[in-house]
Each structure stands twice: as structure tokens, then as C-alpha cells.
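Asks: Sending over a structure as C-alpha cells; questions will come in a sec.
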Amino acid sequence: MVKLFAIVLALVVFVSVPFFMFGTQIEQIFAGQGIITWMQGFGAYAWAAAIGLLVADLAIPVPTTAVMAALGMVYGPVLGGFYGAVGSVVSGLVGYGLCRKLGRPFALWLSGEKGLAEGERIFESLGGWIVAMSRWLPVVSEVVACMAGLSRMSFPVFFAALVCGSVPLGFLFSTIGYMGGDQPLLTLLLSALLPFGLWAMVRPFMAKIKGPR
């Protein structure tokens, strides 16, 4: 477990450093109507720029919920929610894919086979819950996607759990942006409960799938 913790800690540090270095500057750029103005500068491709921002959150401290809310303001709750969910899913897939293909040698150097084996056992049994519930947590969502890739979590299971976590997140914050509401406690509650409920429904079907490892 100690060796597995070393991998998690390394990922947290890697993801968190840009937040400490550039978080304040980026937050100022996108404060208020800044994100709307930035998106509208791309004209008909504002949706693509927003999805690009959500994917870039893997490397820079993008306020993802603000981007999703802005999508709701620009495109409405349905289309904006769709774009927000797509951005979150693509971001998770990129983190999973990169760490699965390129990050394993570093993880082996850091923790050895024993540490990775521990991660594989955890993601084999609880990975779906962890992925689905992590999407609404900043930093944690990126770390979990990377850990799922390093642990070679079954891709179909990872993808299903990722969708269960990303779809409620995208549509919820898009709707909040569209309505101009400000209910932080309700938002927090729904962001946690909706992925939980979706994955609870999907999990029995995914248990029958033995995806590639």
C-alpha cells in the first residue's frame, strides 16, 4: 500500500503544480463574463474551444465547472450539457490512454510490480465506483483517470463509469449556467449522488464484460 501511495502522491503533485503556479492568473482571465467572451471569440467553434479547455484541464488549472456553465449560457442546457459531458469524457480518456501507454514504466520505477499490482486489485474491484464518483472533484478526477490507466483497468468498464460521472456533471452545470442559479450545496449533493445512482444501475451489466486489460 505504501508503494501504491507513492504513485498517487506523484500524480497529485504533477497535477497540482500548475494550479499553484497559474491558478490565480487563469481564474482572473475566466472570471465573470471572461469565459463567455473567450468562447465567443471562436465563433461557430466555441463548443470545440470549450471542449479543448476541458481536456486541457489535465495539464493546466482550468475551472471546468465554469466552462460547463458557460456552455449552458451559450448553447442552452441540453446542447451545452452535451458538450460539457463530451469534454469531461474526452479528458478522462486522454488521461487514461496516456498513462496506460506511456506512464507505466515510470510507475514501475517508482513503486515496482508490487505497488502496481495493488492498484490493479483496487481498480479491478472498485474502479467503476471510484471513476464515476471522482468526476466532480477537481484534481482527483485527473489523478483517478491516470491511476485507472496505470492499473490497466478494463477499458469498457472505465468508459462506462466515466460516462456515468461525466454526463450528470455536464448537464447539471450547463443547466445552472443557463438558469443563472447559485445553489452550491444542492449542486454539490447532486454532483455526488447522480453519478452514484447511474453507476449503480450500469454496474450489473458491466460485470458481465471482460474488457481488454
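The values are calculated or read from the model by the stated rules, or taken from the named source; none is laboratory data. Note that this is a predicted model, so its numbers are computed, not measured. Because the Cβ atoms are built from the backbone with ideal geometry, glycine has one as well, and the counts that use them run over all protein chains shown.
Asks: If we keep just the residues of the stretch 127-139 that are farther than 13 Å from V89 by Cα and at pLDDT 85 or above, which is surrounded by the fewest Cβ atoms within 10 Å (Cβ to Cβ)?
Replies: Selected residue: W129.
Asks: OK, next. Looking only at residues that are at pLDDT below 90 and among the hydroxyl-bearing types (S, T, Y) in the stretch 17-52, which one is nearest to P138 (Cα to Cα)?
Replies: Looking at the filtered set, the residue picked out is T24.
Asks: Do we have G119 as part of a helix (DSSP H, G or I), out of contact with any Gly (no Cβ under 9 Å at 6 or more places or on another chain), modelled with pLDDT of 75 or more and crowded, with 17+ Cβ neighbours inside 10 Å here?
Replies: Spelling it out, it is not the case that G119 is part of a helix (DSSP H, G or I), out of contact with any Gly (no Cβ under 9 Å at 6 or more places or on another chain), modelled with pLDDT of 75 or more and crowded, with 17+ Cβ neighbours inside 10 Å.
For every residue, the table says whether it meets (1) modelled with pLDDT under 90; (2) more than 24 Å from A66 (Cα to Cα).
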position	(1), (2)
C146	yes, no
R152	yes, yes
P156	no, yes
A160	no, yes
G181	yes, no
L185	yes, no
A192	yes, no
A200	yes, yes
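Asks: Taking the conditions exactly as written (farther than 17 Å from P195 by Cβ, modelled with pLDDT of 85 or more and surrounded by 19 or more Cβ atoms within 10 Å (Cβ to Cβ)), does V74 satisfy them or not?
Replies: Judged against the criteria, V74 is a match.
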